[in-house]
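To keep things clear, I will list the structure first and then write my remarks on it.
All of the numbers you see were taken from the coordinates with simple rules; none came from a lab. Here the structure is a predicted model, which means the values were calculated and not measured. Backbone-built Cβ (ideal geometry, glycine too); neighbour counts: all protein chains shown.
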Amino acid sequence: MSKERDMAVSILENLGGKENIISMTNCMTRLRVEVKDKSLIKREELAAINGVIKLLESGEGIQIVLGPGAASKVAVELSKMVGVKLGDAKEIKEAINEKNKTPFKLMLKRIASIFIPLIPGLIGGGLIQGITNVATKFQWIANENLLAMLSLLGSTIFTYMGIMVGMNTAREFGGSPTIGGIIAGIIYNPALANIQIAGKALTVGRGGIISVLIAAAFASFLEKNIRKKMPNTIELLATPLLTILIAGFATLYILQPVGGIIADGIGQTVNTVISGKAGFITGFILAGTFLPLVMTGLHQGLTPIHVQLLESTGVTVLLPILAMAGAGQVGAALAVYVKTKSKQLKKTIEGSILVGIFGIGEPLIYGVTLPLGRPFIGACIGGAFGGAVQALLGVGAKGLGLSGIPLAALIQPEKIAFYLLGLVVSYIMGFAATYVMGFDDPVDDRIMEDNGFSFNA
C-alpha cells in the first residue's frame with residue numbers, strides 16, 4: 001500500500017467514513033472535503049496523521065492542508081475509496097444547512113470552483129510561455145520554427161481561456177457546460193466585428209473574462225428556469241434553442257457592454273493605484289495584507305482580476321506584488337531557524353523552506369510562523385517591502401499559477417532582475433523584522449501540548 005493510500009485510509013476514517021462524504025476536490029496544497037455531519041469529524045486524530053500540515057474549517061466542509069504533490073495524490077486515492085469523483089457532489093448536497101454560507105462566501109467559493117480546474121493549464125502554459133519569452137529575449141534558440149511552436153503551446157490556454165471559463169461557470173451555476181462555452185464563444189467570435197448595434201460595430205472580446213462570467217451565469221439561470229417550465233415532449237429541443245437565442249441577444253445588447261464597462265473600470269483602477277505616483281504605497285499595503293487574505297479565502301476573488309488584466313494589458317501587475325508575501329514568509333522562517341533552539345522546529349523549517357522558496361507557503365505558514373505569532377507579522381512586513389519594490393518598478397507577469405522564484409519565468413524579460421530584487425528585499429526584511437521582534441521559542445517536548453504545533457509535514 002502506498003503512502004498516499006495509507007493517508008487516504010486514515011483521513012477517511014477520521015472524516016466519519018465514506019457515508020459522511022458529499023464531495024471533494026483539491027488544489028495544489030489542500031484537500032477540500034464537504035461532509036454531511038461535521039460532528040463526526042475527529043479533528044485531533046485527523047490533525048495527527050503523518051503528512052497532515054493543518055486543518056481549516058470551511059462552511060460545511062473541511063480543508064486538509066497536505067502540501068504540494070501529496071494533495072492531488074491523496075485526493076485521487078480518497079475519491080476511489082468513496083466512489084465520488086473529484087469535484088462532483090451527491091444530490092444530498094442541496095439539502096445541506098446553508099446557515100454559514102453567506103452570499104459573499106458563496107460567490108468566492110464559486111469563483112474558486114471556476115478557476116481552480118484551470119490552474120494546471122495556467123502553470124504549464126505559463127511556464128512554456130515564460131521560457132519562450134526569455135529564450136527569445138536572450139537569443140538562446142535560433143530556430144524560429146521551434147520558437148513559434150513553443151509560443152503556440154504556451155499561449156493556447158490563454159487564447160481559449162474564455163471558452164473554458166464559460167463552461168466552468170455554467171457547470172458551477174447548474175447550466176450546461178456546452179451552452180456556457182457557446183455564450184463565451186459569442187464574446188470572442190471574430191464575426192462579432194461585423195455586427196453593429198446603434199450604428200456602432202461591436203468589439204471582439206470586449207469585457208473579456210468579466211463579460212464571460214456574467215453572460216454564462218445568466219445563461220445558466222435562464223436555462224434552468226426554461227427547463228422547469230417546458231413540457232417534457234419538447235424540453236430537449238426547446239430549452240437549448242431558447243437559452244442560446246435569449247442569452248445570446250442579451251449578451252450582445254446588454255451583458256457584454258456591461259462587462260466591458262466593469263473590465264475597463266478594473267483596469268483603470270489598478271493602473272491608477274499601482275502605476276501612479278504613490279503606487280509603491282499600494283504595493284506595500286497589498287503585499288503586507290495578502291497572507292491574512294489567503295487564510296480567509298478572500299484572495300480567490302482576485303483571480304478574475306488577474307485574468308482580466310492579462311487579457312487587457314498582456315500582464316498582471318498584481319501577481320508579482322502579491323507573490324512577495326510568500327517571500328516574506330521565507331525570510332521570517334529563516335530568522336526563526338537562526339534563533340530557535342528547538343530541533344523539531346528546525347527540522348520543520350528544513351523540510352518546508354525549499355517549497356516556500358518555490359512559492360508554496362502553507363507548510364511555513366501553518367507549521368512555523370502562524371503558531372509562533374510574531375514571525376507571521378514579520379513575514380507580512382517583509383512581503384510589504386517587497387511589494388513596494390515591485391509596484392515602484394512596474395513589474396508585471398505574463399501568466400498565472402506560479403509564485404516565488406519560478407514566477408521569474410513569467411515576468412517581462414526586461415524586468416526579471418527587478419522581480420528578483422523584490423524577492424531579495426522581502427527575504428531580508430522578513431528576516432530582519434522577525435529577528436528583531438523575536439518569538440517565544442518552544443521547547444521540543446512541550447510543542448504539541450502547549451502550542452498546538454504539528455511537525456508531521
task: State, to one decimal in nm, how far the label point of LEU152 lies from the label point of ALA191, with both points 7 Å from Cα in the Cβ direction.
output: 2.5
statement: Among LEU245, ILE365, LEU40, the residue whose Cα sits farthest towards the positive end of the charge dipole of the chain, when +1 is placed on the Cβ of each Lys and Arg and -1 on the Cβ of each Asp and Glu, is LEU245
task: Could you work out, for segment 279-451, what percent of all Cα-Cα pairs fall into each 5 Å distance bin, beginning at 0 Å and stopping at the bin that holds the largest distance?
output: 2, 10, 19, 22, 19, 12, 8, 5, 3, 1, 0
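Against the globular-protein guess of 2.2 N^0.38 Å, express the Cα radius of gyration of segment 19-67 as a ratio, rounded to two decimals. Mind dumping the intermediate values first?
On the way: Rg = 10.2 Å, N = 49, 2.2 N^0.38 = 9.7 Å.
Normalised Cα radius of gyration, segment 19-67: 1.06.
Span-like helices, the chain: DSSP H, alpha-carbon axial extent 24 Å or more, mean Kyte-Doolittle -0.5 or greater, which ones?
Values: long enough: 119-137 (26 Å, 0.83); 208-229 (32 Å, 0.79); 232-250 (27 Å, 1.56); 256-275 (27 Å, 0.65); 279-296 (25 Å, 1.77); 318-339 (33 Å, 1.52); 374-393 (29 Å, 1.23); 416-437 (32 Å, 1.89).
The answer, listed by residue number, is 119-137, 208-229, 232-250, 256-275, 279-296, 318-339, 374-393, 416-437.
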query: Along the charge dipole of segment 158-317, which of VAL258, VAL165, VAL307 sits closest to the positive end, that is, farthest toward it, with unit charges on the beta carbon of Lys, Arg, Asp and Glu (+1, +1, -1, -1)?
result: VAL258
query: Counting other Cβ atoms within 10 Å of each Cβ, which trypsin sites (Lys or Arg not before Pro) in segment 263-343 have at most 11 and sit in a DSSP loop?
result: LYS277, LYS341
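Grab the DSSP H runs of the chain that are 4 residues or longer, score each as -39,500 (n - 2.57), total them, divide by all residues and round the 222 nm result to the nearest 500 deg cm²/dmol. Provide the component values of the computation, followed by the final result.
Working: 17 runs with 271 residues, N = 457.
Mean residue ellipticity at 222 nm (helix-derived): -19500 deg cm²/dmol.
What do you get for Rg/Rh over segment 160-266 if you use C-alpha atoms and the Kirkwood form of Rh? Mind showing how you got there, number by number?
Working: Rg = 13.7 Å, Rh = 13.7 Å.
My calculation puts Rg/Rh at 1.00.
As a footprinting exposure proxy, order MET167, MET295, MET107 by other Cβ within 10 Å, with the fewest listed first. Each step should come with its number before you reach the end.
Working: MET167 24, MET295 15, MET107 12.
Sorted ascending by nearby Cβ count, the order is MET107, MET295, MET167.
If you place +1 on the Cβ of every Lys and Arg, -1 on the Cβ of every Asp and Glu, and leave all else neutral, what size is the dipole of the chain about its Cα centre, to the nearest 20 Debye?
On the way: 38 positive and 30 negative charges, 92 e Å.
The calculation lands at about 440 debye.
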field: Two-decimal log10 I(q)/I(0) for the chain, as the Debye equation yields it once each C-alpha is a single scatterer, q = 0.12, 0.14 Å⁻¹
entry: -1.14, -1.41
